[in-house]
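Input: a single structure, listed below in structure tokens.
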Amino acid sequence: GKGTLPMSPEATDAVNKALLVGNFEAAVEVCIRCGNYADALLLSSCGGAELWAKTQEKFFETEVAKRPYLAIVKAVVHSRLADLVKASDVSK
């Protein structure tokens with residue numbers, strides 16, 4: 001796979017500085033701006049439930065259009081898989 005694009009030295013430095021002072025929200029924001037959702041999600045999981053939920057939402061908003069199967073993942077994350085199954089025709 002193509003994986004994640006490398007972040008610029010400036011972005012990496014900004015993430016390092018934010019993490020050193022415990023500012024997970026700033027570190028996550030830099031990762032999101034760079035399109036690095038893997039790191040953003042990982043870092044947000046360390047920054048509390050609100051940051052984790054907010055980062056997941058940003059991820060789904062951005063990525064579902066590119067990868068429609070993520071709508072299923074989002075439903076699972078939000079415990080709404082039953083609603084999604086009822087709304088879709090799984091026999092297709």
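The values are calculated or read from the model by the stated rules, or taken from the named source; none is laboratory data. Quick caveat, the model's predicted, so the values are computed rather than measured. Methodologically, a virtual Cβ is constructed for each residue, glycine included, from the backbone with ideal geometry; neighbour enumeration extends over all protein chains shown. Remember, those area values only see protein heavy atoms, side chains included, never the ligands or the DNA or RNA. Shrake-Rupley method; radii C 1.70, N 1.55, O 1.52, S 1.80 Å.
Descriptive notes on the structure:
- In order through the stretch 64-75: 3J(HN,Hα) via Karplus (6.51 cos²θ - 1.76 cosθ + 1.60), integer Hz, x for Gly, Pro: 4, 4, 7, 9, x, 4, 5, 4, 5, 4, 4, 4
- What the Cα convex hull of the stretch 1-70 gives, in volume per residue, is 84 Å³.
- Extending 7 Å from Cα along the Cβ direction at Arg33 and again at Tyr69 yields two label points whose distance is 3.3 nm.
- Fully extending the segment from Arg80 to Glu25 would add 17.1 nm, taking 0.36 nm per residue of separation and subtracting the current Cα-Cα distance.
- Under Karplus coefficients 6.51, -1.76 and 1.60, residue-wise ³J(HN,Hα) of the stretch 36-46 in Hz, glycine/proline x: 9, 6, 4, 5, 4, 5, 4, 5, 5, 5, 8
- Accessible-area ranking of Phe60, Phe24, largest first, probe 1.4 Å: Phe24, Phe60
- Protection-proxy order for peptides 66-76, 35-45, each taking the mean of Cβ atoms within 10 Å per residue, highest first: 35-45, 66-76
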